[in-house]
Amino acid sequence: MTYEFTKEDLDRIESIKKEYPEVKATTLQVLWVAQDRFGHVDADVQRLVAATLELPEAHVHGVASFYTQYYKQKMGKHVLDVCTCLSCQLCGGYDILNHLEKKLGIKAGETTKDGMFSLQQVECLGACGYAPMLQVTNGEFVNHLTEEKVDHLLDKLRNGEDPEHEMMEMPLRKQKENP
Amino acid sequence: MTMSEVFIDGKRYEFEGQPQLLQFILDLGLEVPFFCYHPSMTAPANCRQCMVKVGSPVKDRETGEYELDDEGNRVIRWFPKLQTSCNTVIADGMVVQTQESDELVQRAQKDTLEFILANHPLDCPICDQAGECPLQIQTYKYGPEGSRFEVKKVHKPKHVQLGPRVTLDAERCINCTRCVRFTDEISKSHQLTIVERGDKNYPVTAPGRSFDDPYSLNTVDICPVGALTSTDFRFKARVWEMNQTPSIDITNGKGCNIDLWTRDNLVLRITPRFHPEVNDYWMPDAGREAYQLFNENRVSHPAQKLESEQVSASWNHALETLAEQLEQTDRKDVLFIGSPHASVEENFALMQLANLTGAKTPVFTPHVEEGSGDGFLLSDDQAPNAEGCRLLGLEEVSPKQMQTKVSEARLIVALNDNLFGRGVLDATHAKNAFWVVFASNHTETTQMADLLIPITTAAEHAASYVNVDSRIQRTFPAKETKYSNRRLSMEMSEGRLDRFGTSFDNWVTEDHKIDCVPFWDFATQAGERLGLNLHLIDGRQIMDQIATMNPAFEGVSYVTMDEQGGIVLAKESMAKSK
């Protein structure tokens, strides 16, 4: 499949180029532009990025494959990254994952048939204090998960609403404020 | 001003400029283990194996004098951590301790190796690199006795066909990035990258792309483990069973310095040999395929054409036929054809034979394919010795002129050059003459021969070639013929099997010796038969003759060539003599 950047994307890439001393350094940013546009950076998109920036294809491929946040294949509209690393695991991360698998009818690493959700099992996202948690499409964290909360999240996403931003307090700060 | 000084393991050395510490140590003939460093490429210091302890002397800021301790020794301020010597620039007064004198360095190198080996499969018994593997050697020298990693090793792709000539075993890779840097900095094809991260990473091409770089096999040479292997040579032979002979690439005009690896008189692989002014550490992939020229499709035993079919003939018969033909043909109708594909010595022998029989000076047609060169190690000139033919004074003719000359001749004596195969001649030009062809391999040209005489290749004789930059370099005999003997020939190197092998061993047979002689041998015999004053013994003696007779080759001998890595011949001296 062939992909093409829109005029708007190319303008954005030009302005990114101005921020860096050399083109090679813009690879990360331009991969994001591509992922925003196409929803993923598969082999063809990587080629497009390389051609646009006049960089070796191998270099762009190396960068894209280094970061898990770049999707190297077509993904669902919403990607649910469920943490099953230590803290989340202890607080029921696997229960959440299993619940999602059952609810969506797919296994971790798969995408629903309607192309709405992709489910991934991931390592620590640095939110151990609010375990178990998941991340929606490289964006919002959804914390202190319960099965009800997950169901609510899925409904919201299906209705085209964004997950709401949860303000998390630092536990230590609370202690200081109330001596 | 005094020279800058550096103390390595307690010994004082002087230096100039800003040398890198690892290269400086290696240049002294000392050793620090390393994997990712390569003298012709940048040093990313990512293998972490070349750790050393480095310190600077403390200077009094006011007087500029070195501070001394109670015993009168300089006070050394050690760097807080061990340094990778490959990218440390030496400074005046620097004190360095390597694994030879420091236990911490020893420990660091040992532990680094333990990490490098954590996911290395240790399949040395079936690995092609075994025997010439830096990882294997350095593990023996500096590595740990065992490993504390008892968990399952990470699995990665195996036998990945990266390109037409290179196969990857990602599990063996230690991610030194030498191959990636080679394609970025040397061949500039930028075809390789490291993908994934952490313990899952390995080098590969972009998706759907083939590693078809014309220099791709150099990555196999510089790979410090068995991760990148030659698809062609894979599983063919163990390195310690082969014999290594220095030689020259004869597949194009650049004259890359190479090594021929032989076993049982077969050339099994060709690798580049370092020459700073010709090819550095590299050679094109095309040159490596020349091993087939040395082994396969060889002309073995003379043949004569009887009623359009070539039948085997004895050496005496061949000699007698050539002599008779030379005697009975009018001198004006004899055409000697030299060859840019043959050595200086062979062309000289042909010239001598032509001169002494009273024929015209031999002609030759250069083998140039415009646009096939790349300005690096591939030249437009497809022959190794066109310049040598010119300097010897052979008459250079265009393909057109060659066609006319061939059509007019009654007897043609042609040296190893596939004139029919490379489009200079076709069958219509060859009708009138009796063709005597000296050749090493069967080609379109040998099919035309009325008398076919097998001669040695660059792998079987010592002979010299003048490259496109007028540098004369020479080969060494690597393979025995039916008439040469490795033990008796003082010029041939012997591998383990060559020296100790018996017919009860694997890989020791008589099968691969070709029934051929050096061209000058046959020319001398022909000279004797014809009563000519022609004495050509071997390449060494012929070169001495050429040096006294031809001003372009003045001062050239095998000894000086060997000492100086080839000699650049001045084109001017030739012009003067003309």
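Each value in this text was obtained by applying a stated rule to the coordinates, not by laboratory testing. Remember, it's a predicted structure, so these values are computed and weren't measured experimentally. So basically every Cβ, Gly included, is an ideal-geometry build from the backbone, and we count neighbours across all protein chains shown.
The table that follows gives values for the structure above.
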{"read-out": "Chymotrypsin sites (Phe, Trp or Tyr not before Pro) restricted to DSSP loop in the stretch B:176-250 with at most 11 other C-beta within 10 Å", "value": "B:Phe235"}
{"read-out": "Percentage, to the nearest whole number, of Cα pairs in the stretch B:423-479 over 13 Å apart", "value": "69 percent"}
{"read-out": "Percentage, to the nearest whole number, of Cα pairs in the stretch B:4-116 over 24 Å apart", "value": "26 percent"}
{"read-out": "Cα-centred dipole magnitude for the protein assembly as shown, charges only on beta-carbon of K, R (+1) and D, E (-1), debye, nearest 20", "value": "740 debye"}
{"read-out": "Partnerless Cys - chain B, beta-carbon criterion under 4.7 Å", "value": "B:Cys50, B:Cys86, B:Cys124, B:Cys127, B:Cys133, B:Cys173, B:Cys179, B:Cys223, B:Cys256, B:Cys389, B:Cys516"}
{"read-out": "Segment B:Leu356-B:Ser407, extension gain: residue separation times 0.36 nm, minus the distance between their alpha carbons", "value": "16.0 nm"}
{"read-out": "In Hz, Karplus ³J(HN,Hα) per residue of the stretch B:367-372 (6.51, -1.76, 1.60; θ = phi - 60°; x = Gly, Pro)", "value": "10, 10, 10, 4, x, 8"}
{"read-out": "C-alpha long axis of helix B:539-549 to longest principal axis of chain B, angle in °", "value": "70 degrees"}
{"read-out": "Antiparallel %, DSSP beta bridges [both residues in the stretch B:413-543], to 5", "value": "25 percent"}
{"read-out": "Among A:Gly160, A:Ser15, A:Gly39 - extreme Cα towards positive end, dipole of chain A, charges at beta-carbon", "value": "A:Gly39"}
{"read-out": "Shape of the stretch A:7-66, Cα gyration tensor, a/c cut at 1.5", "value": "oblate"}
{"read-out": "Cα lying deepest toward the dipole's positive end in the stretch A:78-158, options A:Gly129, A:Thr84, A:Leu119, charges on Cβ", "value": "A:Leu119"}
{"read-out": "For the stretch B:4-116, with +1 on Lys and Arg beta carbons and -1 on Asp and Glu, the positive-most of B:Ser40, B:Val96, B:Val6 along the dipole", "value": "B:Ser40"}
{"read-out": "When the stretch A:78-158 is reduced to its Cα atoms, the Kirkwood hydrodynamic radius in Å", "value": "12.2 Å"}
{"read-out": "Angle between chain B longest axis and helix B:519-530 axis [Cα atoms, degrees, rounded to 10]", "value": "30 degrees"}
{"read-out": "Stretch gain in nm, segment B:Lys188-B:Tyr66, where the contour uses 0.36 nm per residue and the Cα spacing is subtracted", "value": "39.2 nm"}
{"read-out": "Distance cut-off 40 Å, percentage of C-alpha pairs in chain B lying past it", "value": "39 percent"}
{"read-out": "Exercise: per-residue mean of other protein chain Cβ atoms within 10 Å, B:229-235", "value": "0"}
{"read-out": "In Hz, Karplus ³J(HN,Hα) per residue of the stretch A:8-16 (6.51, -1.76, 1.60; θ = phi - 60°; x = Gly, Pro)", "value": "4, 4, 5, 4, 4, 5, 4, 6, 5"}
{"read-out": "P(r) histogram, all alpha-carbon pairs of the stretch A:1-153 included - 5 Å bins from 0, percent", "value": "2, 9, 18, 17, 16, 12, 11, 9, 6, 1"}
{"read-out": "Amide H within-cut-off set for B:Ile258, under 5 Å, with H built and near neighbours excluded", "value": "B:Ser247, B:Ile248, B:Asp249, B:Arg273"}
{"read-out": "Degrees, to the nearest 10: A:27-38 long Cα axis against longest axis of chain A", "value": "80 degrees"}
{"read-out": "Average other protein chain Cβ within 10 Å of Cβ, residues A:59-69", "value": "5"}
{"read-out": "Electrostatic dipole magnitude of the stretch B:334-492 [Cβ: Lys, Arg +1; Asp, Glu -1; Cα centre; debye, to 20]", "value": "560 debye"}
{"read-out": "Neighbour-count ranking [beta-carbon atoms within 10 angstrom, fewest first] of A:Lys149, B:Lys513", "value": "A:Lys149, B:Lys513"}
